[in-house]
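Down below is the structure, laid out as structure tokens.
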Amino acid sequence: MPAFSLDPEQTTWCARLRTLAAERLRPLADKGEPGRVNRPLVAALGELGLLARLFDSGALELCLMRESLAHACTEAETALALQGLGAHPVAAFGTPEQRGRWLPEVVAGRAVAAFALSEPGAGSDAAALALEAVPDPETGGWRLHGEKRWISNAPEADFATVFARTGDRADGTRDRADGTGDRADGPAADAGTRSGSRGVTAFLVPVDRPGLSGQALDMLAPHAIGSLVFDGVRVGPEDVLGEPGRGFRVAMHTLNLFRPSVGAFAVGMAQAALDATLAHTAARPAFGGVLADLQAVAHQVAEMATRTEAARLLVYAAAEAYDRGDPDVPRRAAMAKLLATETAQYVVDAAVQLHGARALQRGHLLEHLYREVRAPRIYEGATEVQRTIIAKELYRQPPTAPTAGAPS
């Protein structure tokens with residue numbers, strides 16, 4: 001099936017999700033406390049079977065879910081995505097015991113997950129991780145020392161996938177300096193331009209472990225985001241996700257799946273802003289007619305629609321490439337996130353301009369989207385990082401030989 005052609009069943013399902021988000025999930029989101037995990041909303045996602053689909057579907061279906069939910073309820077979309085981001089490493093790399101303990105709870109909406117990669121000094125350069133896992137001779141495990149920051153669902157999550165520095169890989173080799181120790185998993189989260197990607201291990205850490213604390217951070221968009229502080233937190237071999245020393249493989253496998261769907265989230269917001277703009281400009285009286293009669297306005301709306309559709313198609317293409325197992329997934333995922341998040345910023349900003357002052361009033365859809373749309377250009381690899389990944393992937397390919405007679 002071409003990535004740009006959805007079948008009738010998919011189209012109907014997306015419409016049903018948008019209705020579900022507006023009628024069932026939006027009221028729960030409105031009752032949530034800003035800056036806190038909305039557990040009733042997470043539970044509803046579980047009851048509706050949407051969390052289960054996170055682990056039973058491919059990248060394209062994940063994108064369709066995120067776009068459809070974001071169109072009507074960004075909070076529901078974010079809650080769903082964060083459950084996937086935090087628990088996907090468990091589903092993909094966890095032991096039978098780890099999966100049996102946590103995945104049923106996540107799917108039911110009873111356990112909240114977190115993905116703990118970023119640190120105070122390691123955001124765009126994720127290879128610079130400083131959280132240290134010191135060997136613990138008493139247990140044969142490690143003790144974690146350091147801090148994670150800007151972690152969604154922290155500090156209220158029930159468990160976190162935590163990335164810490166343990167040293168060399170268990171097989172004695174080292175990951176490549178750019179984080180591509182396993183080519184199937186692509187470049188490092190944030191271009192990986194340093195050699196620090198080697199010797200990172202992923203751990204499944206319940207947040208009630210002694211020595212683990214945290215605090216909430218007050219951000220532009222009032223989501224549950226905070227820090228996690230590790231003061232000698234004990235982890236053992238049974239807590240490792242994947243293999244010791246190969247944590248970047250876990251991180252990249254997860255991010256390559258979720259990057260296109262971040263783009264889908266952005267497309268959902270752009271479409272919501274576009275729909276609101278179409279309705280507003282078609283009805284708002286201006287200069288003896290309506291705003292849509294003004295060529296400048298109509299052309300602006302046409303540009304917004306064209307960019308949104310282009311971003312949507314690139315997101316779908318990247319998701320389909322992931323589902324096929326194409327080798328160029330890192331490049332496609334980076335392109336999709338780059339174009340979609342930048343497009344959403346443009347479309348929402350243009351929508352605010354065309355609505356005027358009413359769009360800046362607290363509680364207006366566009367006021368909400370204006371705050372929501374900024375962060376996706378930063379998290380899971382900032383726009384500048386995506387360009388670096390794209391360029392590295394392009395130059396990694398052998399150049400095409402010029403054809404006969406072509407100018408040199």
| note | Note, segment 29-38: 3J(HN,Hα) by Karplus (6.51, -1.76, 1.60, θ = phi - 60°), whole Hz, Gly/Pro = x, goes 5, 5, 8, x, 8, x, x, 10, 5, 8
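What share of the DSSP beta bridges in the chain is antiparallel, in percent to the nearest 5? Don't skip to the end; give the middle numbers.
Numbers: 31 of 37 bridges.
Just about 85 percent of them are antiparallel.
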| said: Using only the alpha-carbon atoms, how far is helix 96-108 inclined from the longest principal axis of the chain? Give it as 0 to 90 degrees, nearest 10. | reply: 30
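Please go through segment 277-370 and write out the chymotrypsin sites (Phe, Trp or Tyr not before Pro) that DSSP classes as loop and that have at most 10 other C-beta atoms within 10 Å. Please report the intermediate quantities before stating the final value.
Working: sites: Phe287, Tyr316, Tyr322, Tyr346, Tyr370; in loops: Phe287.
Here the sparse-neighbourhood loop sites are Phe287.
Do any GluC sites (Glu not before Pro) in segment 97-164 lie in a loop, going by DSSP, with at most 13 other beta-carbon atoms within 10 Å of their beta carbon, and if so which?
On the way: sites: Glu97, Glu105, Glu132, Glu138, Glu147, Glu156; in loops: Glu138, Glu156.
Within segment 97-164, the qualifying GluC sites (Glu not before Pro) (loop, at most 13 other Cβ atoms within 10 Å) are Glu138.
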| said: How long are the semi-axes of the equivalent ellipsoid of the chain, taking √(5λ) for every eigenvalue λ of the Cα gyration tensor, in whole Å from largest down? | reply: 37, 27, 19
| remark: If each part is reduced to its alpha-carbon centroid, segment 57-74 and segment 349-384 end up apart, in Å, by 19
| said: As I understand it, the value is the acute angle between the Cα axis of helix 295-324 and the longest principal axis of the Cα atoms of the chain; what does it come to in degrees, rounded to 10? | reply: 30
| message | Can you return the lysines within cross-link range of Lys392? Criterion is Cα-Cα under 26 Å, with same-chain partners fewer than 8 residues away left out. | response | Lys337
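With charges set only on the Cβ (+1 for Lys and Arg, -1 for Asp and Glu), what does the dipole of the chain come to about its Cα centre, in debye to the nearest 20? Write out the running numbers ahead of the final one.
Numbers: 42 positive and 49 negative charges, 85 e Å.
For the chain, the charge dipole is close to 400 debye.
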| remark: Helix 383-396: inclination vs the chain longest Cα principal axis, degrees, rounded to 10, gives 70
| said: Starting from the 7 Å offset along Cα-to-Cβ, what nm value, one decimal, do you get for the label separation of Ala43 and Asp349? | reply: 4.1
| query | Whose amide H sits under 5 Å from the amide H of Leu241, counting only residues 5 or more places off or on another chain, with H placed in the peptide plane? | reply | Ala202, Phe203, Leu204
| Cα-Cα pairs above 22 Å in segment 8-108: how many percent? | 28
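No lab work stands behind these numbers, since they all come straight from the coordinates. Bear in mind that the values here come from a model prediction, so they are computed numbers and not experimental data. Counting neighbours? That spans all protein chains shown, and the Cβs are built from the backbone with ideal geometry, glycine included.
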